[in-house]
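Student: Structure in structure tokens, see below.
Read the figures in this text as sums done on the coordinates, not as results from a lab. What you see is a predicted model; the values in this text were computed from it and never measured. With ideal geometry, Cβ positions are generated from the backbone for all residues, glycine too; neighbour counts draw on all protein chains shown.
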Amino acid sequence: MIIHSDWHIHSEYSYDAENPLSLIAKNAGAQGLCRVGITDHANYNDEKFLGDLRASAAGVKEAQKEYPFMVLGVELTPIAKPQFDYIAKTGTRDGYEAPTSGFPFDIELAASKQEMMELGVRYAIGASHWRVDRPGTSAQPIDRDACIKEWYRQQMYLAADERVTILGHPWYHGKGIWYEDFDIIPKGMKDDIAAALKENGKYVECNSHFFLTSMATETFRRQYAEYLRSMFEMGIPVTYGSDSHKNYWDARGKVEEYLTAAGFADGDVSELKEKDLW
Ligand SMILES: [Zn+2]
Ligand SMILES: [Zn+2]
């Protein structure tokens, strides 16, 4: 095994996940993982998501009494600054109407570092999930070039933001629109993101999704593992994330096949170092 810790797990405190913390702890123990990070979603700065984060923090704090190898993290996603401001003012996402100009919208994240640290959060995964540059993009047909541009913009933001410890699932796309051939993404964009991660002392995630989803081709998986390897060789530490949402299980076998083929050996997949935890 070359993966010994898992830094991206959703518990029952995420709106879209159902892993009880006790199940995560037991299965992590059975897998021989030395540390596991719980990273529930904090998508927006509203009561729904900040309440989930408080519940996750309280739950993990309690569980740590029995399972001291559990670490409290969070998963953040870029949101549009005008929406963040609206929620900050009104307390709700209800009734928000996006401005009709000023594109691309500035980016924000749901919480400040101070707020997260007060809850005991020790690190954050920052990851792109959807476009926030313009309103209404989810209702339009997917524009691949606009998506690439937007993912690049968001990931450059995440690679530089002080709240992000790990760039989560780089170039993940829910509909897998570039999962046939990773070369669709311009090399210059990948290089810029890698340079920013390196410069800002961030980690990059090897997310099990890419190696398990049927949307990704063999070619893509190979290319993706090589991409992670190239960042590792630049000195960017690579962490593993199962990104499990339910039935927490050992997904490492398949992932390690691709990592090994790309040159990863035991010791190359990192834990978060104590100095990098808040
Ligand atoms: Zn994610
Ligand atoms: Zn996740």
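Student: Quick one: how many residues across segment 113-139 are of a type outside the set (Gly, Ala, Ser) and in a helix (DSSP H, G or I)? Can you show your working first?
Tutor: Looking only at segment 113-139, we keep the residues that are of a type outside the set (Gly, Ala, Ser), and these are 113-119, 121-123, 125, 129-135, 137.
Retained after the next criterion (residues that are in a helix (DSSP H, G or I)): 113-118, 137.
Residues meeting the conditions: 7.
Student: Being acidic (Asp, Glu), within 14 Å of ligand 2 (Cβ to nearest atom), out of contact with any Lys or Arg (no Cβ under 9 Å at 6 or more places or on another chain) and free of Cβ contacts under 8 Å to residues at least 40 places away in the same chain narrows it down to one of ASP85, ASP94, ASP52, so name that one. Talk me through it step by step, then tell me what you get.
Tutor: Details: ASP85 fails: within 14 Å of ligand 2 (Cβ to nearest atom); ASP94 fails: within 14 Å of ligand 2 (Cβ to nearest atom).
Answer to the selection: ASP52.
Student: On to the next question. Contact list please: Cβ distance under 8 Å, first residue in segment 127-141 and more than 11 Å from ALA98 (Cβ to Cβ), second residue of a type in the set (Gly, Ala, Ser) and more than 16 Å from ligand 2 (Cβ to nearest atom), pairs at least six apart or on different chains.
Tutor: So the pair list comes out as TRP130/SER138; ARG131/SER138; ARG131/ALA146.
Student: What residue, of ALA98, ALA110, ALA42, is over 16 Å from SER11 (Cβ atoms), surrounded by 15 or more Cβ atoms within 10 Å (Cβ to Cβ) and under 18 Å from the mean Cα position of the chain (by Cα)?
Tutor: Working: ALA98 fails: under 18 Å from the mean Cα position of the chain (by Cα); ALA42 fails: over 16 Å from SER11 (Cβ atoms).
Of ALA98, ALA110, ALA42, the one residue that is over 16 Å from SER11 (Cβ atoms), surrounded by 15 or more Cβ atoms within 10 Å (Cβ to Cβ) and under 18 Å from the mean Cα position of the chain (by Cα) is ALA110.
Student: When segment 1-27 is examined, which residues are found to be under 15 Å from TYR240 (Cβ atoms), more than 16 Å from ligand 1 (Cβ to nearest atom) and crowded, with 23+ Cβ neighbours inside 10 Å?
Tutor: Selection gives ILE3, ILE24.
Student: Does LYS254 satisfy the criteria of being touching a residue at least 12 places away in the same chain (Cβ under 8 Å), among the basic types (Lys, Arg) and within 16 Å of ligand 2 (Cβ to nearest atom)? Before you say what the answer is, go through the steps one by one.
Tutor: Details: touching a residue at least 12 places away in the same chain (Cβ under 8 Å): yes; among the basic types (Lys, Arg): yes; within 16 Å of ligand 2 (Cβ to nearest atom): no.
No.
Student: Within segment 32-44, which residues are touching an Asp or Glu at 6+ places or on another chain (Cβ under 8 Å) and outside any strand (DSSP E or B)?
Tutor: Hits for segment 32-44 are LEU33, CYS34.
Student: Out of the residues in segment 225-244 meeting the condition of being closer than 14 Å to LEU167 by Cβ and within 16 Å of ligand 1 (Cβ to nearest atom), tell me which one is surrounded by the most Cβ atoms within 10 Å (Cβ to Cβ).
Tutor: The selected residue is GLY241.
Student: Collect the residues in segment 60-82 that are in a helix (DSSP H, G or I) and in contact with a strand residue (DSSP E or B) (Cβ under 8 Å, 6 or more places away or on another chain), keeping them in residue-number order.
Tutor: Step one: filter segment 60-82 for residues in a helix (DSSP H, G or I), giving 60-66, 81-82.
Residues satisfying the conditions are VAL60, LYS61, ALA63, GLN64, LYS81.
Let's see how each residue does on (1) under 26 Å from VAL121 (Cβ atoms); (2) more than 18 Å from the chain's Cα centre (by Cα); (3) not in a helix (DSSP H, G or I):
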position: MET215; (1), (2), (3): no, yes, yes
position: GLN223; (1), (2), (3): no, yes, no
position: LYS246; (1), (2), (3): yes, no, yes
position: GLY253; (1), (2), (3): no, yes, no
position: GLU257; (1), (2), (3): no, yes, no
position: THR260; (1), (2), (3): no, yes, no
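Student: Which residues, counting only those in segment 229-244, are within 21 Å of ALA194 (Cα to Cα), part of a strand (DSSP E or B) and out of contact with any Gly (no Cβ under 8 Å at 6 or more places or on another chain)?
Tutor: Keep residues of segment 229-244 that are within 21 Å of ALA194 (Cα to Cα), which gives 229-241.
Going one step further and asking which of them are part of a strand (DSSP E or B), we end up with 238-241.
Selection gives VAL238, THR239, TYR240.
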